Amino acid sequence: MPPAMDDLIADFVCEAREMLEALEGELVEWERDPDDRERLDAIFRFVHTVKGNCGFFDFPRLEALSHATEDALSEVRKGERRADSRLVDAVLAILDRIGEMVEDIEAGREFSEGDDAALIAALVPSLSDAVGEANPQAARTDNPLGEAAARPTGQLRTVRLPVQLLDRVVSGVSDMILAGNELARQIDACGGGSGLEASYKRVSSILTDLRVSIMQARMQPISLLFSSYRRLVRDLASELGKPVAFEIESGQVEIDREMIELVREPLLHLIRNAIDHGIELAEERLAAGKPAIGNIRLSARQTGNQIRIGIADDGRGMNADRVAERAIAAGVLTAEQARKLSPEQRLALICEPGFSTADEVTQLSGRGVGMDAVRNSAVRLGGSLTIHSTPGAGSRIILNVPLTLSIVPSITVRAAGQVFAIPRSYVDEIVRPNKDLSFHNVGGMRHVLLRGHEHPCFDLAGVLGIESEKPLDRQTLVMLKLISGSVFGLGIDGIEDHGELVIKPVAPRIIGTGFYVGVAQLDDGQAALALDIAGVAAAGGISSDIQRARFAEASAQAGEGEAQLESAITFDGFDKRRKAIVTSAVERLIEVGAEAVSLGAGEPQLVFDQTLIPLHGVDASVLERKKVSVLLLHDGERRVAYAMSDAVDTAALDLTTATRAGSSTVVLIDGAPVELVECHALFAAASGGFDGGSTCRLPLGDRWCRDFLKPLVEARGYQVVEDRDAPVDLAIVVDEREADAPAESASQAATVLKITSRRKRGRGAGGSIYRYDRDALVAALDDAQVAAQLGDAA
Amino acid sequence: MSAPLLIVKIAGDRIAVPAERVHSVIELSRIVPVPRAPRFIAGLTTLRSRTLTVIDTACALGLPESTEIAEFALVVESDGCGYALMVEAVENVESGEPAPCRPDVKLADGWKRAAQGLVETEAGSLLVIDLDMVIAGPLQDQAA
């Protein structure tokens, strides 16, 4: 066969396969609504295309199949026949056969054996199917493609690429990024002045962009995945004799190709469960006052970096109490524990390993059978699973998964000389080792006391069975928050780095250990295992929702016995003095790179979450460090940061010992004096002047006023008003011009401030102020504000 | 049907493996261990941007430890994951057709499970092994 012919066949195979995939869903929809002309046309177009190509390529069997189907469908199109389930079954069977043949063609195999004649015979209508044989329209010959043949125009131009090629490009880009990092290290090693840095930066920013675009190219509409279940629902529903309507709502949601493959199985399981156990038989439904046809709805929404996939059915639902009873019977938990769970937590018990018992397994699936596997895979992917159900009304299961697996913001940690990656989404805070941390043994587990809460903690190396460099009490603790909400400390030898890592799947036998989700490659080309936090936690003795209820109970009891002391965090400041801050003001403890700190003119600032917040407690020595630990304080409105030079601990604060010493307050903690950081003063400073709500009008048409003066006016607590007629507390007139002055003096301004560009100190003619006499300007602005407030009060 | 076979040295024995399965042969440098993994998984290594799971071939087959150090590895793909199977030496490529094992040839326990057949070469009969059995690891681990 000439090479050109090969290309044509490859094109045909590709087109046929795509059309087939798109058709899967259409067919079932069409069966539901046989008069849906558009769907019929789509199916017709496919068989017509296949028929046309077969003749050309000489595939007689394929031609006979498509020809017969085309004939049958064309009768339907002409209104000579109705599409009933028998016809749909027959057409489905033929499309399956065509699909197999297309695969054979691609693989260059002979067609597999099969009785095409039986398939074709199934297309022939039984007598009762014929409608109006005397249909006068029947004789009409028309263009077999009709208006449907017109392809939609004005679409985006697209090309078709083999997926493997795309994957190769992705891995090529990853290679380039790694090679780029290597280059960066060598440029660094050469020292400055080589002139390569700028070029390297350019290359690396292009690479970053390239990676983003190529990742986008791998996105696929989730509707493709969803439609692939239509057939399953249809087949399963007819097998079980439960009529089911299947609704899909996916909008424009797109998801990484890799992720599609990973959620395919769990979703399949959930849909199977819904039909098998959720939806009742038609007669039961009618008896319960529901429509005979059950409804299953598959939906997808994108929120940020997550995709929420919902599977809702209107079946019999689940009774949370029954689930709990069964869980108790199966020994998953004790009745005591079950009593403390919320209804939602009880439903979640169906995901506990060991919940389902063999006698519940039907030929298809048991409710609960494999639910632990479904939840585990959701969690492994960095997602979650939640279950809602109303007995008698149906269930709704939500599967949350990240948009892509490929790039995960992570921190890398060191344990026993080895580097591991932890997804940043789990990290609550990082606690540096210090002698003041207090550890206790509670219930056979080591606990660390942080801000008044006991958190279980254990050594990562110990759980992994490797030798740690330091004992737990001297390790850095990464506080990790599990999906269930419980927080535990993971002891490590140190933090290596943080950044975005490309996490790749690793051998099943390694995943099977339950400790890892995949593997990442670090900048130096070394492999780092990505930890399965849920698995590590379980191995460390911390697990599942039930445990959490136990902890919650324990801490509630502990809380009752405690005296109502204020709790505080103590630390060493940059001035080497021991300080304390009340815990309630602390939002969190973070570690930032020194580059996030700005010591420029004015107050020190910290870049956090893309905003600037005032930073206290630092001096110039901060620039000598690579990283700074910072307490983020929050008063409900604003944030202020306070830098620590060392050590964190918590202490109970007895405010009766507080003494004012000069400008600061000192309290006694464990008999030693500690400077109490006054949050009020910090926030007062951050809030600038008073927000007196005073209004000011200035000629915004003037560039100097807009760019130079307006910020100053606003910084003094004024609100700038544009409306020329609104009453204001202060009106500013620049270089008093005939046109402005009478208007302003006549307007409803309590005070008029005149500014001149003539250089003069103090108030000049007519009380005008030189525009760069900053002190006088500020004084005038503040005076007017005080006057306005006095006026308000009067 | 005659297929190319790669002759390698595993646990001191010369063994043939189907050459078409082997993407490349690498020299093992740094191996990152995988704590808690089955013993036959020696660790991870990287080949450009790919991470390979390094398999201690002798251990996977349940053979006694060899005195020779396995410093090379065969890069093999299975189920979308890359593996590096440790071998002590890579000799040459021969072509031959594996024949069923003859009753007069006695195999040590470890080799039995992975044996695909025997192939006659100039240097005598060589055992041909199934690489997927190596990747699957020893039996007792599978049950666990």
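Please treat every number below as a calculation from the coordinates, not as lab data. Keep in mind that what you see is a predicted model, and the values were worked out from it rather than measured. So basically every Cβ, Gly included, is an ideal-geometry build from the backbone, and we count neighbours across all protein chains shown.
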Output the relative contact order of chain B, whole-number percent, from Cα pairs under 8 angstrom with separation of 6+ residues.
28 percent
Amide H neighbours of residue B:121 under 5 Å, counting only residues 5+ apart in sequence or on other chains, H built in-plane at 1.01 Å?
B:126
Hydrodynamic radius by Kirkwood, which averages 1/r over all alpha carbon pairs of region B:3-138, in angstrom
15.0 Å
Of the candidates B:13, B:130, B:104, which one comes out as most mobile in a Gaussian network treatment of chain B with C-alpha springs shorter than 10 Å?
B:104
Per the C-alpha gyration tensor (a ≥ b ≥ c, the square roots of its eigenvalues), region A:3-135 is rounded if a/c is under 1.5, else prolate if a/b beats b/c, else oblate; here it's prolate
Taking H as built 1.01 Å from N, whose amide H comes closer than 5 Å to the amide H of residue A:734, not counting residues under 5 places away?
A:755
Relative contact order of region A:220-402, please, whole-number percent, based on alpha carbon pairs below 8 angstrom and at least 6 residues apart.
22 percent
Taking θ as phi - 60°, what are the ³J(HN,Hα) couplings along region A:34-46 by the Karplus curve (6.51, -1.76, 1.60), each to the nearest whole Hz, with x for Gly and Pro?
x, 8, 5, 5, 5, 5, 4, 4, 4, 5, 4, 4, 5
Taking only Cα atoms and a 10 Å spring cutoff, compute GNM fluctuations for chain B and point out the largest among B:47, B:127, B:28.
B:47
Give A:470/A:579; A:579/A:627; A:481/A:579; A:504/A:626; A:710/A:754; A:78/A:242 a once-over and call out the pairs whose C-alpha atoms are over 25 Å from each other.
A:470/A:579; A:481/A:579; A:504/A:626; A:78/A:242
Residue with peak Gaussian network fluctuation, chain B [Cα springs, cutoff 10 Å], from B:52, B:107, B:126:
B:107
Taking Cα pairs closer than 8 Å and at least 6 residues apart, the relative contact order of region A:3-135 in percent is 27 percent
Å³ per residue of the Cα convex hull, for region A:388-528?
168 Å³
Report, in debye and to the nearest 20, how large the dipole of region B:3-138 comes out about its Cα centre when Lys and Arg carry +1 and Asp and Glu carry -1 on their Cβ.
500 debye
